[in-house]
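The values are calculated or read from the model by the stated rules, or taken from the named source; none is laboratory data. This one's a predicted model, so the numbers in the text were calculated from it and none came from an experiment. Using ideal geometry, Cβ is built from the backbone for each residue, glycine included, and neighbour counts are taken over all protein chains shown. Each accessible area value is taken on the protein alone, full model and side chains, heavy atoms only, with ligands, DNA and RNA left out. Shrake-Rupley method; radii C 1.70, N 1.55, O 1.52, S 1.80 Å.
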Amino acid sequence: MSLIQTFKYTIGLQKDGLTKRKTVTFGDTSAVGKGRFWSIISVITLSMAWYLGSALELVNPIFWPSPSAVWDQFINISQNGYRNFTLWEHIWASLYRIFVGFALGCLIGIPLGFAMGLSEILRGWFDPIVEFFRPIPPLAFIPLVIIWSGIGERSKILLLFFAALWIMVIAARAGVSSVKLSKIHAAYSLGANKRQILKRVILPNALPEIFTGMRVAMGICWGTVVAAELVAAESGVGFMIMAASKFLATDIVVLGVIIVGIIGYSMDILMRKLEAKLIPWKGKA
Amino acid sequence: MSDLVINDVSMIFETPNGEQVHALENVSFSLKQGELLSILGPSGCGKSTLLNIIAGFLAPTHGKVELASTEIHGPGSERGMVFQQGALFEWLTVAENIGFGLSMKGTPPSEIKQTVDHLLETVGLHDFGEKATYELSGGMQQRVALARCLANDPDVILMDEPLGALDALTREKMQGLVLKLWKETGKTIILITHSVEEALFLGERLFVMAPRPGRIKQEYALPFAEAGVTKDPREIKADPAFGAKREEILNMIWEMEEEIMGQTETAGV
Ligand SMILES: Nc1ncnc2c1ncn2[C@@H]1O[C@H](COP(=O)(O)OP(=O)(O)OP(=O)(O)O)[C@@H](O)[C@H]1O
Ligand SMILES: [Mg+2]
């Protein structure tokens, strides 16, 4: 294939041989490509619209700032900071809360999910608790955690722990339950004891589901931390957005929103890359 | 010697609504070390139940199973299992799968490697040790399952429809491999199958089981497995004697199926 063809193929303008010959494509989802070319067009168009819209002063910058204003704020805040913290400190504050809350959620949620998958008593005992708390949006607990531990770090971490916990419990439990009985039987027949079964069969077998849970939990945590910072915080991207909105500094608000989007997206990509690297057998058995 | 003795084994499953299913009733037989037994029978006649009892995954409601005069109370590495498919550990490589049993026992890695290399050779997969199991074809996966079982050097190998999911050609090749391994290793093998041809070819002894209650309806002693060690499998299967036995057994199973159908029909009326 020539370089141009390869390029065309990568951006989705060139169909593969089979797809080209298909007479039925509507409804055949495998014939629907990623459409990267259209993604590029879409991003360019939207950026142009934003740029032109503000250049022609179609929108009041109080409602929606110009790209250059957002960019200037980006430079400004990353150099001078905003509200006692540099831009990186705000970002780090949000990320730090997520990592600690998420890690705690995994640390407690995964063993608990395993226990629930393996023991009838523990499953019965924790089932009502899990089923009760799971559907409650974590944000509903904000007032409570503020009463318990103020608006400092602890309240946010507690909230994120809560957000991640139920997801991880359920993912781990599902992972344990998904093990095929023939695998367990095979392992016992090969002389494995209970501990070895847990470590060498049940745990690796549950990893794909645990990882899926982690990705979901990561997303929920990111949303929750930003929202929590909107309500009560002294630093963080969410706090930045909230503080700026009080002064109608829309450019900072939009900058914050863009940062939230980029980080959320990057975290998901990172998790997916990690997953492909650590669990290559996912979906293959 | 490690003889396997099944002594008056019955298994009654109780369903939640109080019904009793007689999966096995008074099943007795014994296998000498190195015997090759195949079991045939209509669906639901208790073949898997019998195998699970011997493997130690189920405790019979009555009777007992003894291996080398020791009663069986649970699974153990002296009784290896080969399942239909999907019992390999996909998070381990082919070599790690085969070495699984040994590593559970704490065998030193160098020793494991030696055994694994030898077994890869035996089942014809020498270049596949570092591959992932899901990269292999169905037939190759069953070779790995066989090798994994052999690595532990069990006295008895239990196989529940091990070739059931394979295409006809691969299946024939695998039958040859099972026969070869049986002769070379001298292991006692019990093999469950739905294929009459396979049961004839892979059984010095063949049990035809009948359902409700699950029992051994007919036993055969067959020459084909022994002959298959030296002769071409195709030749043996083309033998008129083989064909006659196949017809006889097919008829018997056919009649059983008819009977079951009849029973359910009258029960429905
Ligand atoms: N756990 C169980 N609870 C209740 N009944 C069971 C249970 N396991 C098996 N049975 C019943 O016992 C009988 C024998 O089942 P088994 O699985 O041994 O049959 P099989 O001969 O292996 O059938 P197949 O050829 O379909 O694999 C069947 O009627 C089945 O419904
Ligand atoms: Mg069965």
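Note on B:71-77: average number of Cβ atoms from other chains within 10 Å of each residue's Cβ is 3. Surface burial for A against B, with a 1.4 Å probe and both sides summed, reaches about 2000 Å² of accessible area. Listed peptides B:234-244, B:65-75, B:184-194 appear in the order B:184-194, B:65-75, B:234-244 once ranked by packing, highest mean of other Cβ atoms within 10 Å at the front. For chain B, find the longest principal axis of its Cα atoms and tell me its angle to the long axis of helix B:109-122, 0 to 90°, nearest 10. The angle comes out near 60 degrees. Each Lys or Arg adds one and each Asp or Glu takes one away; over the other residues whose Cβ falls under 11 Å from the Cβ of A:R97, this sums to 0. Rounded if a/c is under 1.5, else prolate if a/b beats b/c, else oblate: with a ≥ b ≥ c from the C-alpha gyration tensor eigenvalues square-rooted, which is chain A? Because a/c hits 1.5 or more and a/b fails to exceed b/c, chain A counts as oblate. Rolling a 1.4 Å probe over the heavy atoms of the protein chains gives segment A:154-269 an accessible area of 38 Å² per residue. Taking every alpha-carbon pair under 8 Å whose residues sit at least 6 apart, segment B:1-48 reaches a relative contact order of 38 percent.
Would you mind checking the tilt of helix B:168-185 against the longest principal axis of the Cα atoms of chain B, expressed as 0 to 90 degrees and rounded to 10? That helix lies at roughly 70 degrees to the long axis. Is the shape of the protein assembly as shown best called rounded, prolate or oblate, per the rule: a/c under 1.5 gives rounded, else a/b larger than b/c gives prolate, else oblate, with a ≥ b ≥ c the square roots of the Cα gyration tensor eigenvalues? It is prolate, given that a/c is not under 1.5 and a/b is the larger ratio. Under the criterion of Cα pairs below 8 Å and six or more residues apart, the relative contact order for chain A equals 21 percent.
Compute the long axis of helix B:138-151 from its Cα atoms, compare it with the longest principal axis of the Cα atoms of chain B, and write down the angle in degrees, 0 to 90, nearest 10. With both axes taken from Cα atoms, the answer is about 80 degrees. Compute the Cα gyration tensor for segment B:101-162, then decide on rounded, prolate or oblate, letting a ≥ b ≥ c be the square roots of its eigenvalues: rounded whenever a/c is under 1.5, prolate when a/b is larger than b/c in the other cases, and oblate in all that remain. Cα axes put segment B:101-162 in the oblate bin. Among A:259-265, A:114-120, sorting by the average number of other beta carbon atoms lying within 10 angstrom of each residue, highest first, gives A:114-120, A:259-265. GNM remark for chain A: springs join alpha carbons under 10 Å apart, and the peak mean-square fluctuation among A:Y96, A:Y188, A:Y82 falls on A:Y188. Solvent-accessible area of chain A (1.4 angstrom probe, protein heavy atoms only): carbon and sulfur portion equals 70 percent.
Using a probe of 1.4 angstrom and keeping all protein chains present, the accessible surface of segment A:9-84 works out to 79 square angstrom per residue.
Distance between the pseudo-spin-label points of A:I40 and B:S28 (7 Å out from Cα toward the beta carbon): 8.1 nm. Summarising the amide proton neighbourhood of B:M209: residues at separation of 5 or more, or on other chains, whose placed amide H is nearer than 5 Å comprise B:L40, B:G41, B:K217.
Available extension along the chain between B:Q218 and B:S69 is 51.0 nm, counting 0.36 nm per residue and deducting the alpha carbon span. Projecting label points 7 angstrom from Cα along Cα→Cβ for B:S43 and A:K273 puts them 4.9 nm apart. For peptide B:80-89, the mean count of partner chain Cβ atoms within 10 Å of a residue's Cβ comes to 5. Taken along the Cα-to-beta-carbon direction at a fixed 7 Å, the label points for A:L52 and A:K15 span 3.1 nm.
The protection proxy used here, the mean number of other Cβ atoms lying within 10 Å of each residue, ranks peptides A:57-70, A:237-250 as follows, highest first: A:237-250, A:57-70. Across peptide A:188-199, the mean count of Cβ atoms from other chains lying within 10 Å of each residue's own Cβ comes to 6.
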